[in-house]
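Before any comments, here is the structure.
Bear in mind these aren't lab numbers, they're just calculated from the coordinates by the rules spelled out. These numbers were taken from a predicted model, which means no experiment stands behind them. In this analysis, Cβ positions are derived from the backbone assuming ideal geometry, glycine residues included, and neighbour counts consider all displayed protein chains.
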Amino acid sequence: MAEAIPIIAWWFIDKKKAFETEQKYKETNKRIAEVILAQEQERAARQEIERKEEQERLGRQEAESREKRERLAREEAERKEELERLARQEAERKAEEERLAREQAEYKEEQERLARREAENRAEQEHLAREQAEQREAKERLARQEAEHRLEQECLTREQAERTVEQERVARQEAERKEEQARLARDLAEHNERLAQEASKKERYERELRELGVLPDRKITDADIKYARAVAGYEEGCINIALIGNRGTGKSSLINSLRGLSHTDRDAAEVGEAETTLRRKKYKDKNHKNVVWYDIPGSGTRGVSAFNYYYNNDLYAYDKIVFIHSKILTESDLRVLKLCQYRGQSWISVRSKADLHIWNCKRRMGISPAEARQCYIDAVRADTATYEARSENSVPELKLTVKDYIVSDAGVLQLVTGSEPSDDPVDQLIDEAAFLEELGLSP
């Protein structure tokens, strides 16, 4: 019995500990449920704000559409007014033609009267010839009448000549009027065609800007640029160059090479297989003291979308943008470059990791290093040719002309440090010297 008491005591202690553990577990689950509920409420609030913002944007677009319809209605009213004016001119021309027709009829009547008078004169002359011997005085009278008749004939001849000149003048005026009417019709057609072309161009331009995310309420002001430069640590008097691109394209490695550093140097940028740049980093250059480099987080990194990449990273704050990519440019990449061009910002496109791609081409195709090098260069040039075709339908202001500089980290480092070139075709220079010249750096 004495031995059973401690066993019971231990049993009660174990039960108490189990009960306390269960209470703590329930309390923990309760706190976790409260945290999850709070997070869900916060997410619902954010979604409601985004929905209201989308409704406001759609309202602005509807207002712009109404304004455009009103402008087209005004232009249609002006066109109708011009057509009415031309119709009035046509009516006046017809009235002038009717007046000339009346004058022509009167002229014909006058000719017939003169013909009748001529016949009468001939009859009178025959009568006077028969009585000439008997009526000398009548002969003199007839001579005077004939002289008057000749004078009248001369007057009629002059009037006829003047009428002919007037008819020729009226015909010239009619020809000039028709020519002027045809010219006005051509001018109206050209004006309408020009308006249609301008409207189409403006619509294409605004549509492309909307595709790029440039909305009327997202204009970048001088104050925005000043603030972004202050946040980024922009240095006046220097060339501030930002390296951007998708993750894993070798931005940090290329910055080290441009600064004449290897990856193991103390001041070198951190590099790795995964995305190492999760926030903007600034690097000064001992070899080029007037240049400041900025390593920008890669598009595709968690929390950064390609569409808003330009705005979220304040890329408008820098003097020059270098876009690093190791594969063919995607539509998202081209949109970022179009935003740079829209802003009038200098940009360069760089195809990185050339040595690695050439080595992979050699290994995959089983060809010599020199053949693999040329094969890779030809493939990149073919990719570059497709960029212009892909932006063929863009408006001239946003049409891209891309020149991809094919470089490797080792090649850039060789030029910056002045080291001996490699004999291996895999490591030989391609566009590194032209790339540095485009940056304004002497190899």
For residue 149 and residue 84, compute 0.36 nm times the residue count separating them, minus their Cα-Cα distance, and round to one decimal in nm. 18.1 nm
Of the beta bridges DSSP finds with both residues in the chain, what % are antiparallel, to the nearest 5? 15 percent
Cross-link candidates for residue 108: which lysines have Cα within less than 28 Å, leaving aside residues fewer than 8 places away along the same chain? 94, 178
Return the loop-located trypsin sites (Lys or Arg not before Pro) in segment 315-405 (DSSP other than H, G, I, E, B) with at most 14 other Cβ atoms within 10 Å of their own Cβ; answer none if there are none. 327, 399, 403
For residue 395, enumerate residues with amide H under 5 Å from its amide H, sequence gap 5+ or separate chain, H modeled in the peptide plane. none
What are the equivalent ellipsoid semi-axes of segment 221-439, built from the alpha-carbon gyration tensor (square roots of five times its eigenvalues), in whole angstrom, biggest first? 28, 22, 15
Pairwise label distance in nanometres, residue 27 with residue 424, each label 7 Å out on the Cα-Cβ vector: 6.4 nm
With R₀ set to 56 angstrom, the calculated FRET efficiency between the beta-carbons of residue 236 and residue 178, to the nearest 0.05, is 0.25
When all Cα-Cα pair distances of segment 331-432 are considered, the percent exceeding 25 Å is 33 percent
Aspartates and glutamates whose Cα lies under 18 Å from that of residue 30, excluding same-chain neighbours fewer than 8 positions away: 20, 22, 40
Let's see if you can work this out: charge +1 on each Lys and Arg Cβ, -1 on each Asp and Glu Cβ, no other charges. What is the dipole magnitude of segment 380-431 about its Cα centre, in debye to the nearest 20? 340 debye
Report, in listed order, any pair from 80/219; 52/202; 68/327 with a Cα-Cα distance greater than 32 Å. 80/219; 68/327
Pairs 284/320; 320/403; 201/226; 289/399: which are spaced more than 25 Å apart, C-alpha to C-alpha? 201/226; 289/399
Please return the longest range in the chain lying between exposed loop sites, taking GluC sites (Glu not before Pro), DSSP loop only, at most 15 other beta-carbon atoms within 10 Å, and leaving the sites out. 4-130
Which residue, chosen from 101, 83, 161, occupies the Cα position most advanced towards the positive end of the dipole of segment 81-212, where the dipole is computed from +1 (Lys, Arg) and -1 (Asp, Glu) charges on Cβ about the Cα centre? 83
Which of 142, 268, 195 sits closest to the plus end of the dipole of the chain, meaning its Cα is farthest towards the positive end, when Lys and Arg get +1 and Asp and Glu get -1 on the C-beta? 268
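If you stretched the chain out fully between residue 116 and residue 188, how much longer would it get, using 0.36 nm times the residue separation minus the C-alpha to C-alpha distance?
On the way: separation 72, 0.36 × 72 = 25.92 nm, distance 5.45 nm.
Fully extending the segment from residue 116 to residue 188 adds 20.5 nm.
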Cα-based Rg/(2.2 N^0.38 Å) for segment 81-212, rounded to two decimals, is 2.25
Loop sites in segment 145-230: trypsin sites (Lys or Arg not before Pro), DSSP, at most 12 other Cβ within 10 Å: 219
Run the simple label-point estimate for residue 211 and residue 319 please: 7 Å along Cα→C-beta, distance reported in nm. 3.3 nm
Once the dipole of segment 221-439 is set up from charges on Cβ (+1 Lys and Arg, -1 Asp and Glu), the residue from the list 380, 357, 293 lying farthest towards its positive end is 293
How big is the dipole moment of segment 63-141 about its Cα centre under a simple scheme where the beta carbon of each Lys and Arg is +1, that of each Asp and Glu is -1, and everything else is neutral? Debye, nearest 20, please. 240 debye
With n ≥ 4 as the cut-off for DSSP H runs, can you work out [θ] at 222 nm for the chain, using -39500 (n - 2.57) per run divided by the number of residues, rounded to the nearest 500? -23500 deg cm²/dmol
Cα-Cα pairs in the chain separated by more than 37 Å, as a whole percent of all pairs, come to 61 percent
Gaussian network model of the chain, springs between alpha carbon atoms under 10 Å - residue of 165, 336, 395 with greatest fluctuation: 165
Taking 0.36 nm per residue of separation between residue 365 and residue 43 and subtracting their Cα-Cα distance, the length gained on full extension comes to 110.8 nm
